[in-house]
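Heads up: the structure comes next, in C-alpha cells.
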Amino acid sequence: MAERRMTFRHIEAFRAVVATGSMTEASRRLHTSQPQVSRLIAQLEAITGLPLFDRSGSRVVPSLDGTRFHAEVERAFVGLTSLESAAARIRAFGAERLRVAAMPRLAGGLLARAVVRFRAAHPDVIVAIHSGDDETVNHWLATGFCDAALTMLYGDAPDAHREHVETRACVAVLPQDHPLAAQALLTPADFFGVPFVASSLGSALRNRTEAIFAAAGITLTITAEAGLGASICTLVSAGLGVSVMNPLAAYEEAKISPIAIRPFAPALPVHFALLFPPDHARGRLMRAFGACARAVLLEELAQLPDAAIGRPAPPSQAARFSAPA
C-alpha cells in the first residue's frame, strides 16, 4: 500500500480548525462535511506522526506540537502569497524594463507624459527615457539599445519598424512684427532674399526644405543654423530670420517666444510615428506602452490648429499665436 502524502487539502483543513477551534465551524468555512474535516486532520496527524490537537468536548485546540507545526505552515503560506504576488507582477509586466527614446522636443514633453500614463497603469515597470537626435535614436533602435521611440519623420526611418500615428504639415515661423506676418499663407517665393534660420546641415528637415525651395527656384538666404526647434524659435524671435519647422515645436515655443506662425505651401509633411527595432517581436509590454504613447500624441496634436488646411486655433490659443492683421 502506497504511503499517504500530505496535500493542500490537509493543510487547508488544519488551518481552518486552528482558526475556528472547531471541526464543525471549519467544515462550514471549507464548505464540506464535519466528518471529512475530521478525517483530513486524522490523516495529517498520521502523516506527520504528531498529535496536532488536544480535544476537549466540542472544542479543539492546537497541542504544543500543533502550535509549532502551525507556525511552519503559516511561514509556508507567506511564501505562497509572495509567489502569487510575483505572478501578479509578471502578469502586469512588472518583471520587465522598458527603454524608450525620442528627440529632445518629444522626450521632455510627449514621451515623458506617455511614460507617466503608462506607469499609472503598470507601476512596477522601470522605464528609462533616452534623448538624442534622429540619427542617434535610429542607431539605438537598430542595435536594440532601445525598445521603442517616439519620433517626427520627414522621410523614411532606416533600420526600424514604423507605426504611423498622424501626419501634419510644417509651418512657417516669423518674428511677430515681420512684414510677412500680415499674410495668411506663405510660399517659397515670399522668402526670396529674406534671412532664413535653417535646421542643421544634413538633417532630414533641412534636406526636404532645401528641395522644396530649389523646386520653386528660390535660394535660401541662410543666416543661422540650429538643431533644436527651441533654438530655431529663439533665433527667429530675436529677428535673425524666418524658418520652416514642425507645428508641434512651433506652437509649443509660441507659448514662450514672441513668434508668429503661418501655414506654408507646398506642404512639407512631418510624420509623427512610433518606431520599434526591426524584426522585433513586441509583447504585451510594448503594445501597452505603444497604446499610451499613441493616445498622448494624438491628444497633443488635437490641441493644435491644422495649419495645412487652415483649421483655426481655439480662441484661447489664437491670441497667443498672433493671427495676421
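The values are calculated or read from the model by the stated rules, or taken from the named source; none is laboratory data. Note that this is a predicted model, so its numbers are computed, not measured. A quick note on method: Cβ atoms are made from the backbone with ideal geometry, for glycine too, and the neighbour counts reach across all protein chains shown. Remember, those area values only see protein heavy atoms, side chains included, never the ligands or the DNA or RNA. Shrake-Rupley method; radii C 1.70, N 1.55, O 1.52, S 1.80 Å.
Data overview
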{"quantity": "Positions within segment 116-151 being in a loop (DSSP other than H, G, I, E, B) and farther than 10 Å from Phe276 by Cα, in sequence order", "calculated": "His122, Pro123, Asp124, Val125, Gly132, Asp133, Thr143, Phe145"}
{"quantity": "Which listed residue is open to solvent by less than 40 Å² (accessible area, probe 1.4 Å), out of contact with any strand residue (DSSP E or B) (no Cβ under 7 Å at 6 or more places or on another chain) and either of a type in the set (Ser, Thr, Tyr) or at positive phi (or both), from Ser27, Ser22, Ser33", "calculated": "Ser27"}
{"quantity": "Segment 96-110: number of residues that are of a type in the set (A, V, I, L, M, F, W, C) and under 11 Å from Cys146 (Cβ atoms)", "calculated": "4"}
{"quantity": "Pairs where the first residue, in segment 2-22, is in a helix (DSSP H, G or I) and the second is open to solvent by 40 Å² or more (accessible area, probe 1.4 Å), C-beta under 6 Å, 6+ apart", "calculated": "Ala16/Arg29; Val18/Pro62; Val18/His70"}
{"quantity": "Subset of segment 277-303 (residues that are surrounded by 14 or more Cβ atoms within 10 Å (Cβ to Cβ) and within 16 Å of Met152 (Cβ to Cβ))", "calculated": "Ala293, Arg294, Val296, Leu297, Glu300, Leu301"}
{"quantity": "Candidates Arg75, Arg97, Arg5, filtered to the one that is open to solvent by 90 Å² or more (accessible area, probe 1.4 Å), modelled with pLDDT under 90 and in contact with a strand residue (DSSP E or B) (Cβ under 8 Å, 6 or more places away or on another chain)", "calculated": "Arg97"}
{"quantity": "Some residue of segment 215-238 being within 25 Å of Glu166 (Cβ to Cβ), touching a Phe, Trp or Tyr at 6+ places or on another chain (Cβ under 7 Å) and of a type in the set (S, T, N, Q)", "calculated": "no"}
{"quantity": "Test: Ala16 is at pLDDT 90 or above and open to solvent by less than 10 Å² (accessible area, probe 1.4 Å)", "calculated": "yes"}
{"quantity": "Residue within segment 114-137 that is basic (Lys, Arg), closer than 24 Å to Thr167 by Cβ and open to solvent by 10 Å² or more (accessible area, probe 1.4 Å) present", "calculated": "yes"}
{"quantity": "Some residue of segment 146-160 being at pLDDT 90 or above and either among the hydroxyl-bearing types (Ser, Thr, Tyr) or touching a Pro at 6+ places or on another chain (Cβ under 8 Å) (or both)", "calculated": "no"}
